[in-house]
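Presented below is the structure to which this report refers.
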Amino acid sequence: MMNWKTHPSFDGHEDVVFVGGEAQGFAGIIAVHSTAIGPAAGGCRIWDYDSADAALTDALRLSRGMTYKNAMADLPLGGGKAVIYRINTERADAFQSFGEAVEKLNGRYITAEDVGATVADMRAIARSTSYVAGIPKEAGQAGGDPSPMTALGVFVSIKALLGGYVQGRTIAVQGVGSVGYNLCKLLVDDGAKLIIADVNKTNLHRAQALGAEIAPVDQIHAAKADLFSPCALGAGLNAETIPELAAPIICGGANNQLATDEDGARLVARGITYAPDYVVNAGGIINVSAEYLGEAADVVEGRVRAIAPRVLKVLDIAKSDGITPQQAADRIVRERIAAAKRA
Ligand code: NAD
């Protein structure tokens, strides 16, 4: 078993549990980063990692990101994340076993969908635990697939960053899966032009049908656009891609877009405005939180729309204090967590 407390991505995580095994039909990791503000909430990612260490790195980074995202969105939740890196039985059975592992944490971790997971998977998890969200509820109640709300939060942020309208503007969207596709629909409905890329041909053609132009997967970041929106996987903004970026603004739904902290400074040096990912992409967890707390569906949209002014505020602080947008956002969050710990 790997020692997570000495791992380079360890950041004071409260707990990391290696879950599953041959008999359970899956292998995964649940990382509880912080419960200072509330139970650690964050989705479950299904991914074919190159190694167990890569899975642990992702779980540690993503769970920390959830602490920051949830605190920034003013939710009564801490941060956690699960990754499943092997399924060796019937899928629903594997997720039911994963639910048993979630149940054993007694509510310290609440799960939901992330990359690779579906509503059906959440239903299977719900057979063994109530600490799960992302399941459609009765009319009027918050719940279900969080990605449309994530996309809405990205959309309102893009609009604010482009001065209030997207009509006639060109947006390059990297990854047109659940979040990216919903975002593309909102953008097209408001008159934007799209350039898209995706490694998955089915998803690519679904979004192409909205009238989008296609760019090669390894060139989308360099597309001539008014704004670049990373909506695939993390670390897309790095030492190789940043010098090639052509859009002056970056605002997307993907988690952990900056490969390293230095990349935030690289973007500033190039004069590119970067809207910190976890401020922008909180719409899904805002929906999950309302679902988990049994709130009405109509509270969600207003909270998601409030992401846009928050993004502008973070960028203002960064500018006035001479720090990167990511540093400005992190500082706000750390102050909130410290206040919660004192209380
Ligand atoms: P998804 O799996 O539905 O979509 C991801 C898409 O990216 C897929 O179509 C995939 O083929 C594509 N992709 C993967 N690698 C690519 C590459 N190198 N170039 C281009 N396309 C590539 O996942 P999703 O739910 O849409 O999530 C997308 C991102 O947003 C992830 O980083 C996720 O963590 C983040 N996010 C999602 C939510 C949510 O509500 N689903 C909430 C917050 C953050």
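Quick look at the values:
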item	result
Pick from region 197-214, criterion within 9 Å of the ligand (Cβ to nearest atom) and not in a helix (DSSP H, G or I), ranking: nearest to A246 (Cα to Cα)	A197
Helices (runs of 4 or more DSSP H) contained entirely in region 215-315, each with at least 1 residues that are more than 16 Å from the ligand (Cβ to nearest atom)	261-269, 300-305
Positions within region 177-193 being of a type in the set (A, V, I, L, M), surrounded by 18 or more Cβ atoms within 10 Å (Cβ to Cβ) and either without any contact (Cβ under 8 Å) to a residue 40 or more places away in the chain or more than 11 Å from the ligand (Cβ to nearest atom) (or both), in sequence order	L186, L187, A192
Residue match in region 155-176 (condition: surrounded by fewer than 24 Cβ atoms within 10 Å (Cβ to Cβ) and within 13 Å of the ligand (Cβ to nearest atom))	no
Set D114, D93, D48: member being more than 16 Å from the ligand (Cβ to nearest atom) and among the acidic types (D, E)	D93
Residue tally, condition within 22 Å of the chain's Cα centre (by Cα), touching a residue at least 12 places away in the same chain (Cβ under 8 Å) and over 30 Å from G140 (Cα atoms), over region 291-317	3
Count - residues of region 34-48 that are touching a Leu at 6+ places or on another chain (Cβ under 8 Å) and more than 13 Å from A117 (Cα to Cα)	5
From the options S320, S289, S229, residue that is of a type in the set (S, T, Y), over 25 Å from L77 (Cβ atoms) and surrounded by 23 or more Cβ atoms within 10 Å (Cβ to Cβ)	S229
Residues that are β-branched (V, I, T) and over 19 Å from the mean Cα position of the chain (by Cα), drawn from region 318-338	I323, T324, I337
Test set (1) surrounded by fewer than 21 Cβ atoms within 10 Å (Cβ to Cβ); (2) of a type outside the set (F, W, Y); (3) in contact (Cβ under 8 Å) with a residue 40 or more places away in the chain; (4) out of contact with any Ser or Thr (no Cβ under 7 Å at 6 or more places or on another chain) - V268 fails condition number	(4)
Which listed residue is over 18 Å from G116 (Cα atoms), under 20 Å from the mean Cα position of the chain (by Cα) and without any contact (Cβ under 8 Å) to a residue 40 or more places away in the chain, from I214, I196, I171	I196
Candidate set from region 144-164 (those that are modelled with pLDDT of 95 or more and part of a loop (DSSP other than H, G, I, E, B)); member that is nearest to the chain's Cα centre (by Cα)	L162
Count of residues meeting criterion [within 15 Å of the ligand (Cβ to nearest atom) and farther than 22 Å from R331 by Cβ] in region 56-79	3
Residue in region 121-134 that is farthest from F95 (Cα to Cα), counting only those that are within 14 Å of the ligand (Cβ to nearest atom) and hydrophobic (A, V, I, L, M, F, W, C)	A133
Criterion violated by A139 - all others in (1) more than 15 Å from the ligand (Cβ to nearest atom); (2) part of a loop (DSSP other than H, G, I, E, B); (3) at pLDDT 95 or above satisfied	(3)
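The values are calculated or read from the model by the stated rules, or taken from the named source; none is laboratory data. These figures come from a predicted structure and were not determined experimentally. Backbone-built Cβ (ideal geometry, glycine too); neighbour counts: all protein chains shown.
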